Structure formats: C-alpha cells, structure tokens
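As structure tokens, the structure follows; a few thoughts come after it.
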C-alpha cells in the first residue's frame with residue numbers, strides 16, 4: 001500500500017471524481033486530492049512530498065486539452081511526479097499524441113475502480129500501465145528499437161515490468177544481473193518474480209521460463 005503518498009486527480013469536473021477518489025483512498029491508502037482545472041490559470045497541485053501521481057481526466061473531445069493540462073502540471077517544478085490519463089477512449093487521438101516516457105499509464109473509460117487502484121499501485125512500484133500496442137510503439141521508437149526488445153502482454157496478466165523481468169529470466173540472467181540491468185534492488189526483483197510465479201501459477205524459475213517459451 002501507499003502509506004499516505006499523494007495522488008492528485010486533475011480535471012474540469014471535480015464533483016464527478018469523488019467516487020474514484022474514495023475508492024483509491026480505500027484500496028491504495030494513498031492521500032487523494034482533487035484539483036479543478038476548469039479555470040483559466042494552471043492547476044495548483046497539492047503535494048506535501050517530492051513525489052506522487054497526477055491522474056489527468058482525458059474525457060474532453062479535444063485531446064489537446066488533456067495534453068495542455070499535462071504540460072501545465074509538468075511546469076509545477078516538481079520533477080519527481082508521475083503522470084497518467086484516465087477516462088480515455090480506446091483508439092483515440094490521445095494515444096497517438098502521448099505515451100511513455102511522458103506519462104506512466106492510461107486508464108480507459110471501461111476501467112473498473114478496482115483495476116484503476118491496481119494500476120496506481122503498479123505505477124508507484126515502478127511499472128507502466130499501458131495496453132500492449134502503446135508499449136510496442138514506444139519500444140519501436142527507441143534508437144535501434146524494433147518493437148521486440150521484450151514482449152509485453154495486456155496488463156490484465158503481467159505488468160510491463162514483470163514481462164521485462166520474465167524476458168530476462170529466459171536469457172538465464174540471475175537476480176543480481178536483472179537488478180543491475182533495470183537499476184532496481186535485488187529485493188525488488190525477488191518480489192516481482194514472486195508475483196510472476198503467482199500469476200502464472202508456476203513454482204519455480206524453470207517453469208516460468210517454460211511458460212514464456214510456449215506463450216510469448
């Protein structure tokens with residue numbers, strides 16, 4: 001759980017976000033604040049810490065408005081913030097205008113409150129929360145990338161970080177190697193691997209690699 005870390009919901013309809021805020025408080029233990037972006041001035045983000053997550057409402061017909069809110073939030077001077085859009089439409093122009101690393105995730109209009117809470121927790125744990133096609137596009141845009149640096153499934157099974165670690169497991173990498181590759185602690189890698197085992201219903205490294213060989 002987030003133990004009081006900040007989540008800031010930003011959008012032009014603050015009253016409509018109360019239910020989402022209550023669910024996030026109950027299921028993440030985060031400190032959730034709602035910011036009204038309907039005024040002429042830049043949104044005033046409420047954070048008492050140096051890091052946190054900003055959830056930006058993307059329901060507007062003009063995706064440029066959500067992008068503008070993102071730009072305004074980024075100008076707040078808080079460099080350690082994470083950003084994600086919610087209430088987005090599938091196959092929208094917004095997907096073509098932004099993605100990682102500018103934002104850490106997208107929640108769509110059909111996303112349940114429990115799935116949003118799960119995604120928020122994943123982002124605070126260092127993962128991205130995107131559908132496979134956006135991750136693949138991001139990878140293909142990287143220098144020397146071809147979209148196949150590591151396979152990424154929909155987030156309903158494994159997160160992007162878990163898929164990355166699973167790929168490294170198939171290469172025979174040890175926990176220390178994976179930790180060095182991803183700039184994470186060995187303890188964090190062990191936690192991710194434990195979650196991979198649970199989700200895939202496997203008991204050990206060999207079974208996880210076999211699963212990846214037959215399913216990826």
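Applying the condition of being surrounded by fewer than 16 Cβ atoms within 10 Å (Cβ to Cβ) and over 19 Å from residue 174 (Cα atoms) to segment 200-216 and asking which residue is modelled with the lowest pLDDT yields 216.
With respect to residue 156, determine if the residue is surrounded by fewer than 18 Cβ atoms within 10 Å (Cβ to Cβ) and modelled with pLDDT of 70 or more. Spell out the reasoning first.
On the way: surrounded by fewer than 18 Cβ atoms within 10 Å (Cβ to Cβ): yes; modelled with pLDDT of 70 or more: no.
Against the criterion (surrounded by fewer than 18 Cβ atoms within 10 Å (Cβ to Cβ) and modelled with pLDDT of 70 or more), residue 156 does not qualify.
For segment 160-189, filtering for residues that are part of a helix (DSSP H, G or I), surrounded by 13 or more Cβ atoms within 10 Å (Cβ to Cβ) and in contact with a helix residue (DSSP H, G or I) (Cβ under 8 Å, 6 or more places away or on another chain) leaves 19.
The values are calculated or read from the model by the stated rules, or taken from the named source; none is laboratory data. Quick caveat, the model's predicted, so the values are computed rather than measured. Cβ: placed from backbone, ideal geometry, glycine included. Neighbour counts: every protein chain shown.
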